[in-house]
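J.: Here's a structure for you.
The values are calculated or read from the model by the stated rules, or taken from the named source; none is laboratory data. No experiment lies behind these values; they were computed from the predicted model shown. All Cβ positions, even for glycine, are placed from backbone atoms using ideal geometry, and neighbour counts span all protein chains on display.
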Amino acid sequence: MQKNHKNLPNFTQAFSQLIALPSISSSQAHWDQSNQSVINLLATWFETLGFTITIQVVPNCINKYNLLAKLGSGNGGLLLAGHSDTVPFDENRWLSDPMNVTDKDDKLFGLGSCDMKGFFAFILQACQQVDLSSLNKPLYILATADEETTMAGARFFANSGMIKPDVAIIGEPTNLVPVVMHKGHMSHKISIKGQAGHSSKPANGINAIEVMYQVISELLKLKEQLAQSYKNDAFDVQAPTLNFGAIHGGDNANRICGHCELDIDMRSLPGMKDEELVSWLSKTLEPIAEKYPGRLTIAELDPSSPSFQQTPDSELVKTAEKFSGHSCCAVNYATEAPFIQQLGCQTIVMGPGSIEQAHQPNEYLAHSEISKTEQLLTQLICHYCL
């Protein structure tokens, strides 16, 4: 058994250090931050344990980085993966400083505590419970960038083909339940270019809001068709979904609206291809586009994230169910799993904390998760690498 390295922090110290380093990713430039400080901290820790460190500059991003730490040689092995970024926060709704861990009511409060920088503190402790000199298969640690926005880090890492582990575990908050299936996600902006004019003479203009009303009417029919035609009982929301997320248009009550925009997202079931959903969206709105030539456009807001599915009877799933004591399940949100799966490995999502705390003010990780998670990760490292 390997003793704790004197230069490494204990769990609470590591957890606190991670939370204190800002790494927000956002499509809004004033919120968006580099994750470099988190990556450098992780590099220092795992280098101290003897891991070989590779840091990738993620292309088409501003100061965003991936980290891969590797220990051991040979083929296969275990990949423990997570993202290093967090969502933005509303400081007025937090009861404590989101950038400093508050230990209260048997909970550790802080931004990224469960989603999901805290996961790396668990990995660090688990690695110190194992005789790393006895690995017979490699152990990999991956920290990615920009999961909360474009998933650019995971996309780039998957395409780089640097490694091919036997199995991969992504530590998103699942209450340590193995997740083997989730929906895909895509988002689009539908824009209507009308023709402004004085409201007293409606015939002299084209009201973009009225055209958008027709768009919404057709999309509601598509939404109903999807709900009736596709179903997967593994999900609590069993059908694919179409959500109207934001709408903007017009500037004054006495003007014919000259422009209107609608942001939507669609969440597909496993087995449904992104191209199919985009095609349905286009065909649904085609009659309106033909009725108003050159006035309707559909544009992708963010790169789509495909759905994910791991065979429930795979060795990894059976092992994760045994060690965790939980049966596998499906979830409605999206993760980096489909990109990690492209490495050619069995993949699941399983980590401490609840998704109910993610993206919320006063995000926390319960004390009760700590020993369970450290034990589970230690068992997995021993099972796949020793």
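J.: Surrounded by fewer than 19 Cβ atoms within 10 Å (Cβ to Cβ) and β-branched (Val, Ile, Thr) - does that describe any residue in segment 324-346?
T.: no
J.: Let me ask something else. Out of segment 273-294, which residues are in a loop (DSSP other than H, G, I, E, B) and at pLDDT below 95?
T.: Answer for segment 273-294, where residues must be in a loop (DSSP other than H, G, I, E, B) and at pLDDT below 95: just Lys273.
J.: Only one of Gln214, Gln195 is modelled with pLDDT of 95 or more, closer than 30 Å to Leu269 by Cα and not acidic (Asp, Glu). Can you tell me which?
T.: Exactly one residue qualifies, and that residue is Gln214.
J.: Consider Glu47 against the criteria (1) more than 21 Å from the chain's Cα centre (by Cα); (2) under 16 Å from Gly153 (Cα atoms); (3) part of a helix (DSSP H, G or I): it satisfies all of them except one. Which criterion is unmet?
T.: Checking Glu47 against (1) more than 21 Å from the chain's Cα centre (by Cα); (2) under 16 Å from Gly153 (Cα atoms); (3) part of a helix (DSSP H, G or I), the one that fails is (2).
J.: All but one of (1) assigned to a loop (DSSP other than H, G, I, E, B); (2) crowded, with 19+ Cβ neighbours inside 10 Å hold for Asn7; state the number of the condition that does not hold.
T.: Among (1) assigned to a loop (DSSP other than H, G, I, E, B); (2) crowded, with 19+ Cβ neighbours inside 10 Å, the lone unmet condition for Asn7 is (2).
J.: Looking only at segment 190-207, count every residue that is surrounded by fewer than 22 Cβ atoms within 10 Å (Cβ to Cβ) and either small (Gly, Ala, Ser) or within 21 Å of Ala234 (Cα to Cα) (or both) and tell me the total.
T.: 7
J.: Hey, another quick one. For Ser187, work out the one condition from (1) in contact with an Asp or Glu (Cβ under 7 Å, 6 or more places away or on another chain); (2) among the small types (Gly, Ala, Ser); (3) surrounded by 21 or more Cβ atoms within 10 Å (Cβ to Cβ) it doesn't fulfil.
T.: (3)
J.: Of these, Tyr140, Tyr65, which one is touching a helix residue (DSSP H, G or I) at 6+ places or on another chain (Cβ under 7 Å) and farther than 27 Å from Asp265 by Cβ?
T.: Step by step, each of Tyr140, Tyr65 is checked, and only Tyr65 is touching a helix residue (DSSP H, G or I) at 6+ places or on another chain (Cβ under 7 Å) and farther than 27 Å from Asp265 by Cβ.
J.: Within segment 103-134, which residues are over 17 Å from Ser368 (Cβ atoms) and either free of Cβ contacts under 8 Å to residues at least 24 places away in the same chain or out of contact with any Leu (no Cβ under 9 Å at 6 or more places or on another chain) (or both)?
T.: Within segment 103-134, Leu111, Asp115, Met116, Ser133 qualify.
J.: Sticking with this one: Here is a check on your reading of the model: is Asn175 assigned to a helix (DSSP H, G or I), at pLDDT 95 or above, surrounded by fewer than 21 Cβ atoms within 10 Å (Cβ to Cβ) and in the same structural domain as Ala69 (by TED's automatic domain parsing)?
T.: Considered against the rule, which asks whether it is assigned to a helix (DSSP H, G or I), at pLDDT 95 or above, surrounded by fewer than 21 Cβ atoms within 10 Å (Cβ to Cβ) and in the same structural domain as Ala69 (by TED's automatic domain parsing), Asn175 comes out as no.
J.: I've got another one for you. Given (1) of a type in the set (D, E, K, R); (2) part of a loop (DSSP other than H, G, I, E, B); (3) surrounded by 18 or more Cβ atoms within 10 Å (Cβ to Cβ), identify the lone condition not met by Arg155.
T.: For Arg155, the exception is condition (2).
J.: While we're looking at this one, here's another question. If only one of Lys223, Lys189 is of a type in the set (D, E, K, R), in a helix (DSSP H, G or I), in contact with a strand residue (DSSP E or B) (Cβ under 6 Å, 6 or more places away or on another chain) and over 22 Å from Gln360 (Cα atoms), which one is it?
T.: Lys223
J.: Could you tell me how many of the residues in segment 70-95 are outside any strand (DSSP E or B) and either on the phi > 0 side of the Ramachandran plot or surrounded by 15 or more Cβ atoms within 10 Å (Cβ to Cβ) (or both)?
T.: Number of matching residues: 10.
J.: Would you list the strands (runs of 3 or more DSSP E) that sit entirely within segment 301-386 and hold 3 or more residues that are under 18 Å from the mean Cα position of the chain (by Cα) and not assigned by TED's automatic domain parsing to the domain that holds Asp274?
T.: 329-331, 346-349
J.: Test each condition in (1) surrounded by 12 or more Cβ atoms within 10 Å (Cβ to Cβ); (2) in contact with a Cys (Cβ under 9 Å, 6 or more places away or on another chain) for Phe244 and report the one that comes out false.
T.: Tallying (1) surrounded by 12 or more Cβ atoms within 10 Å (Cβ to Cβ); (2) in contact with a Cys (Cβ under 9 Å, 6 or more places away or on another chain), Phe244 fails exactly one: (2).
J.: Restricted to segment 96-152, and to residues that are outside any loop (DSSP other than H, G, I, E, B) and among the β-branched types (Val, Ile, Thr), which residue is surrounded by the most Cβ atoms within 10 Å (Cβ to Cβ)?
T.: Among those residues, the one meeting the criterion is Thr144.
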